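A short worksheet on the structure shown next.
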Amino acid sequence: MADIAVQRASGRGIWGWMLFDWAAQPFFTVITTFIFGPYFVSRMASDPETGQAAWGYGIAAAGLAIAVLSPILGSIADQTGPRKPWIAFFAAIKITCLCLLWFAAPGSNLFLVVLFFSLASVAAEFSTVFNDSMMPRLVPKSEIGRISNIAWGLGYLGGMIALIFVVSVMAGSPETGKTIVGLDPILGLDPKLGEDARATGPLSAAWYFLFILPMFFFTPDAVKGIPFGPAVREGLSELKSTLAEIRKRSGIFRFLVARMIYQDGVNALLALGGAFAAAMFHWSITEIGLFGIILNVVAIVGCLVAARLDMALGSKTIVMISLVLLSIATIGIVSTGPGYTLFGAWMMPGTDSGGLFGTPAEKAYIFFGLLVGLAFGPVQASSRSYMARSVTAAESGRYFGIYALAGRATSFAAPFMVATITLASGSSRLGMATIVLFLGVGLAILIRTPYPADRPEE
């Protein structure tokens, strides 16, 4: 199908839209994965097992809300018209909840802190749904992939810059009180009270507010649409008919099921891996922040390499290689502890050098973390191109809507299982090990899926 003529937005409008990813990413990098999450698990809760379970349940609750409501909101984004009022509504929720994380002092009420985090996560996801739905109105379809990938890259860069800022001028050592560059934390933040981690909530809120403004000021929005009630009814009707159609296209259906399962494992690994390390090795915010920076740098390299290999080997091969690397990395992570790795087959009794990542076991953990960084970008990017090569241009809109739903539908399952196994066994290591099941089952289904997914099976 030929592109429908689209009036190209101004350069300011396009850049305003792309800056949304730059604005949004620090929440996932700084709050969910590398700074506040590990602080919550290792220092705020009474013990790491309770902290990991509570954090996992918070992620699971947010994922469940997103899975239930995102198809309805997706239909609203397609049919009601203006998106900016919805983005503003969810931005207000997100910013408020992030600011309230400042009060998450050690010993505070875990339920309230998890509630604020979960609400911020839901608001962040729904804001993304509406922002993404603005893209087809900005440029012709032939350019959508380019601006989407530039925006994604800006997101990674924004998250990394925010993380570097935190570890260099905010996160002080509880022992010395100094940051990694030898400065006192800004604004007199006291690391012993967790103020450096707690301040990342207001920081992420301010970053988000500042950098979404260009989108509100410059990016064009839809002006007409149908009322809210009819939009919900029509969207649900179209969703139902598309789901019935997918069941008849077995290759695409199998791919979506595979991605639904392995993406859940990927998300859980990213959300909980940093907290697991912080609790096990008693990493400071500086060390966990540096770990995050290393992973992001490696992730950019992984995406650049995978971009070339995807053209030569195909998206399915890249996804399978990435899942194998992530499975190896997860096994390595859960098999590593103070003084050993590979479940004790390789003892690493060296003394702590006193510097960053000072023991041999910590360096082994960093190695497995590098495998995560190398693979987590390509597994998502090549999954998207796998889908793009499996549908026609005429049906890409509704099928990518289902693709997004598949990525969220069970996003609560892996964190819920990690949290439940951790509580039942009293072992955060055993809880984390369940992530391998999601990666392995998704890979097993994918192996039997044709490529492209709409190709008749032999």
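The values are calculated or read from the model by the stated rules, or taken from the named source; none is laboratory data. Source: prediction; values computed, not measured. FYI the Cβ positions are ideal-geometry reconstructions off the backbone, even for glycines, and counts take in every protein chain you see. Ligands, DNA and RNA are stripped out before the accessible areas are found, and what is left, the full protein with its side chains, is counted by its heavy atoms. Shrake-Rupley method; radii C 1.70, N 1.55, O 1.52, S 1.80 Å.
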(Q) Residue under question is Arg233, and the condition is that it be assigned to a helix (DSSP H, G or I) and either open to solvent by less than 50 Å² (accessible area, probe 1.4 Å) or more than 30 Å from Ser327 (Cβ to Cβ) (or both); does it hold? (A) yes
Q) Within the stretch 367-389, which residues are more than 20 Å from Gly155 (Cα to Cα) and modelled with pLDDT of 80 or more? A) Phe367, Phe368, Gly369, Leu371
Q.
Restricting to the stretch 106-124, name every residue that is open to solvent by 30 Å² or more (accessible area, probe 1.4 Å) and either of a type in the set (Gly, Ala, Ser) or modelled with pLDDT under 85 (or both).
A. Gly107, Ser108
Q.
From the list Phe253, Phe217, Phe211, exactly one residue is within 30 Å of Val114 (Cβ to Cβ) and surrounded by fewer than 21 Cβ atoms within 10 Å (Cβ to Cβ). Which is it?
A. Phe211
Q. Would you call Ala105 in contact (Cβ under 8 Å) with a residue 24 or more places away in the chain and part of a helix (DSSP H, G or I)?
A. no
Q: Mind listing whichever residues of the stretch 414-446 are open to solvent by 30 Å² or more (accessible area, probe 1.4 Å), under 22 Å from the mean Cα position of the chain (by Cα) and at pLDDT below 85?
A: Phe416, Arg429
Q: Working only within the stretch 318-346, note down all residues that are more than 15 Å from Gly440 (Cα to Cα) and either in a loop (DSSP other than H, G, I, E, B) or modelled with pLDDT of 90 or more (or both).
A: Ser335, Thr336, Pro338, Gly339, Ala345
Q. Hey, any hits in the stretch 51-60 for a residue that's in contact with a Gly (Cβ under 8 Å, 6 or more places away or on another chain), open to solvent by less than 10 Å² (accessible area, probe 1.4 Å), among the hydrophobic types (A, V, I, L, M, F, W, C) and within 18 Å of Asn131 (Cβ to Cβ)?
A. no
Q: Starting from residues that are more than 13 Å from Ala24 (Cα to Cα) and either open to solvent by 30 Å² or more (accessible area, probe 1.4 Å) or out of contact with any helix residue (DSSP H, G or I) (no Cβ under 7 Å at 6 or more places or on another chain) (or both), keep the ones in the stretch 149-168 and report whichever is modelled with the lowest pLDDT.
A: Asn149
Q.
Being assigned to a helix (DSSP H, G or I), open to solvent by 50 Å² or more (accessible area, probe 1.4 Å), farther than 26 Å from Ser10 by Cα and at pLDDT 80 or above: is that true of Ala92 here?
A. yes
Q.
Going through Gly292, Gly302 one at a time, which residue ends up being assigned to a helix (DSSP H, G or I) and more than 25 Å from Ala388 (Cβ to Cβ)?
A. Gly292
